[in-house]
Amino acid sequence: MAELKRILLAEDDPRDVELTLTALEEYNLANEVVVLPDGAQALDYLLRRGPYTGQEAGNPAVVFLDIKMPKVDGLEVLRAVRADERLRTVPVVMLTSSREQRDLAESYNLGVNAYVVKPLGFHEFMRAIKELGLFWGVINEPPPESVGRR
């Protein structure tokens with residue numbers, strides 16, 4: 001099996017966090033999952049500022065991002081990620097309960113890699129996370145850190 005990579009999960013719903021972590025652990029799909037409860041902390045983490053200033057270099061293999069979060073919503077996080085030359089090539093997956101067409105359209109306009117509506121049932125949710133974790137955390141080769149810099 002390929003080397004497992006770091007995943008950033010920006011999610012404010014503790015139940016969804018627990019289910020996501022359980023699915024990733026059950027299928028051994030991540031060495032490390034960084035969980036942050038709001039968009040402001042996700043941006044601090046990705047931009048290595050505030051409490052994350054001294055963290056080790058390297059971007060996550062993928063960011064799983066909820067849209068409706070406190071402080072800074074997922075669309076603003078995505079906008080900031082795509083605007084930063086160090087982050088613009090990091091894969092971002094919207095993992096959200098929003099079925100609103102404007103959220104879907106705006107996510108793709110901002111450059112999201114995938115938009116996944118959270119399934120309501122436990123087994124469907126677990127299967128969706130397994131498939132996302134397998135593809136983005138194991139199969140997909142993330143871009144090297146130097147890609148996207150000019």
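The values are calculated or read from the model by the stated rules, or taken from the named source; none is laboratory data. These numbers were taken from a predicted model, which means no experiment stands behind them. Positions of Cβ are backbone-derived with ideal geometry, glycine not excepted, and every protein chain shown enters the neighbour counts. For the accessible areas, the whole protein counts, side chains as well, though only heavy atoms, and no ligand, DNA or RNA atoms are used. Shrake-Rupley method; radii C 1.70, N 1.55, O 1.52, S 1.80 Å.
Given a 1.4 Å probe and the protein chains as shown, Asp13 ends up with an accessible area of around 40 Å².
Select one label from (i) 18.6; (ii) 15.4; (iii) 17.4: the one whose number is Kirkwood radius over Cα pairs in Å as derived from the coordinates shown. Comparing each candidate, only (ii) matches the computed number.
I need the calculated FRET efficiency for the pair Gln55 and Glu124, taking r as the beta carbon distance and R₀ as 41 Å, to the nearest 0.05. Working shown, then result.
Details: r = 34 Å, r/R0 = 0.83.
According to the calculation, E is roughly 0.75.
Taking all protein chains in place and a 1.4 Å probe, what share, in percent, of the accessible surface of the chain do carbon and sulfur account for?
Details: 4040 of 7760 Å².
Looking at the chain in its full context, I get 52 percent from C and S.
Across the chain, the mean sequence separation of Cα contacts (distance under 8 Å, 6 or more residues apart), normalised by length, yields a relative contact order of 28 percent. Ranking Val77, Val17 from most to least accessible surface, computed with a 1.4 Å probe over the protein chains only, gives Val17, Val77. For segment 1-66, GluC sites (Glu not before Pro) are listed when DSSP marks them as loop and at most 16 other Cβ atoms sit within 10 Å of their Cβ; the list is Glu3, Glu32, Glu56.
In this structure, Arg48 and Glu100 have a Cβ-Cβ separation that, at R0 = 30 Å, corresponds to a calculated FRET efficiency of about 0.40.
I need the shape label for segment 36-118. Rule: rounded when a/c is under 1.5, else prolate if a/b > b/c, else oblate, with a, b, c from the alpha carbon gyration tensor.
Working: a/c = 2.09, a/b = 1.61, b/c = 1.30.
Taking the square roots of the gyration eigenvalues as a ≥ b ≥ c, segment 36-118 is prolate.
With contacts taken as Cα pairs under 8 Å at a separation of at least 6 residues, segment 87-150 carries a relative contact order of 40 percent. With both labels modelled 7 Å from their Cα along Cα-to-Cβ, the Glu25 to Arg82 distance reads 3.5 nm.
Mean residue ellipticity, 222 nm, helices only, the chain: the sum of -39500 (n - 2.57) across DSSP H runs of n ≥ 4, divided by residue count and rounded to 500, is -11000 deg cm²/dmol.
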